[in-house]
Amino acid sequence: MNSQKYITMEDTYGAHNYHPLDVVISKAEGVWVEDVDGNRYMDFLAAYSAVNQGHCHPRIIAALKDQCDKVTLTSRAFRNDQWPLLAKEATELFGYEMILPMNTGAEAVETALKAIRRWGYEVKGIPSYAAEIIVCENNFHGRTISIVSFSTEPSYKRGFGPLTPGFKIVPYGDVDAFRAAVNANTAAFLVEPIQGEGGVDVPPDGYLKACHDICKANNVLFAADEIQSGLGRTGKMFACDHENVKPDIVIIGKALSAGTVPVSAVLSSREVLGVFKPGDHGSTYGGAPLGCRVAREALKVIVEEKMIERSAELGEYLMKELRKIDSPHVDFYRGRGLWIGIVLKHEAGGARRFCEALMKEGMLCKETHVNIIRLAPPLCISKEELDWALERIRKVLTTL
């Protein structure tokens, strides 16, 4: 079948909860994907940073295939030989005492919310059901009822009430607003070190460190959602590392499994994750041997193939070259590492048409917040491939 037949089939039988670009991908390798009609494209979204290591990385696929021939799922009713290895390797790599595995990013965020609340009651001593969690405007932490309850995007929660209480929203990047919001019932501050869905929005220098210090002074947990920003995307292992901030809780996912099977996790101390006792929380697939084997290899690839260093070096180069483009449509560029938002002027007519034009030039990226083009190629990209992409970006931004 050709692309149009697949598109018609999807639109007929699939729920319309996404607005994808009309490209039907059937193959992928490294930074390149191919559609069912044989057209080749460079992927500049990396599945929202889920394939930082590149599509179908041979080491990771080999680990997946090998594990598939042994055992894929045991549930946590029994033990398996891969979860203990991932737990040890990940906690040692990231410098945390404990890890709790889940599947999707939203599940990991929900896990963190539960841990935060129970810690607030059992450890901090907040009165029962009075715990508050501070979050930021324009946040994106997932799509569950609890998570959309503290979103500031109306479309994410319209028609889904009654919503979950217990969250206080403050402006992103405003230290004074955060300080004023903290009180005796504050259990945690949940924040994206860089807001991805918000348009690769980087907070002012010192923001994370100042908020972290306020948390420490008030016995409040600092919880960082590093699902998109972590695992090398910004040129550091975690985006918080840019300010030498070590969160009390780190939430990871996406690139943890390099685009194979869903794997996510919460990293924290024994004091925080120790609030869970048998039966309090769980997941059939969380900690599955297949996911754990893949995650182990995915982390090794990031470190051993120096993808963090590559993101820092090539991200700086990409930003420098983008800023040379004289386009009447661009307001400004922002980002860190190989994660950049091109913020367009309102009169540019929205980012969607630019993404569609780039697709015709053989490059795939995606709009966010109407007027922002988000760039996030796999971290395995070469300088030559980056120059290839820059030619197309330059052409679209100056001629469209």
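The values are calculated or read from the model by the stated rules, or taken from the named source; none is laboratory data. Because the structure is a prediction, the values reported are computed rather than measured. Methodologically, a virtual Cβ is constructed for each residue, glycine included, from the backbone with ideal geometry; neighbour enumeration extends over all protein chains shown.
Counting only strands (runs of 3 or more DSSP E) that sit wholly inside segment 12-130, those with at least 2 residues that are under 21 Å from F276 (Cβ atoms) and touching a strand residue (DSSP E or B) at 6+ places or on another chain (Cβ under 8 Å) are 98-102. Which one is farthest from I249 (Cα to Cα) among residues in segment 77-120 that are in contact with a Pro (Cβ under 8 Å, 6 or more places away or on another chain) and either surrounded by fewer than 16 Cβ atoms within 10 Å (Cβ to Cβ) or of a type in the set (F, W, Y) (or both)? Step by step, filter segment 77-120, then rank; the result is D81. Checked against (1) within 23 Å of F238 (Cβ to Cβ); (2) out of contact with any Leu (no Cβ under 7 Å at 6 or more places or on another chain); (3) among the β-branched types (V, I, T), T284 passes all but condition (1). When every residue of segment 288-311 is checked against the conditions, none turns out to be in a loop (DSSP other than H, G, I, E, B) and touching a Phe, Trp or Tyr at 6+ places or on another chain (Cβ under 7 Å).
Out of G173, G166, I need the residue that is closer than 21 Å to L113 by Cβ and modelled with pLDDT of 95 or more. Which one? Before the answer, list the steps.
Details: G173 fails: closer than 21 Å to L113 by Cβ.
Being closer than 21 Å to L113 by Cβ and modelled with pLDDT of 95 or more holds for just one of G173, G166, which is G166.
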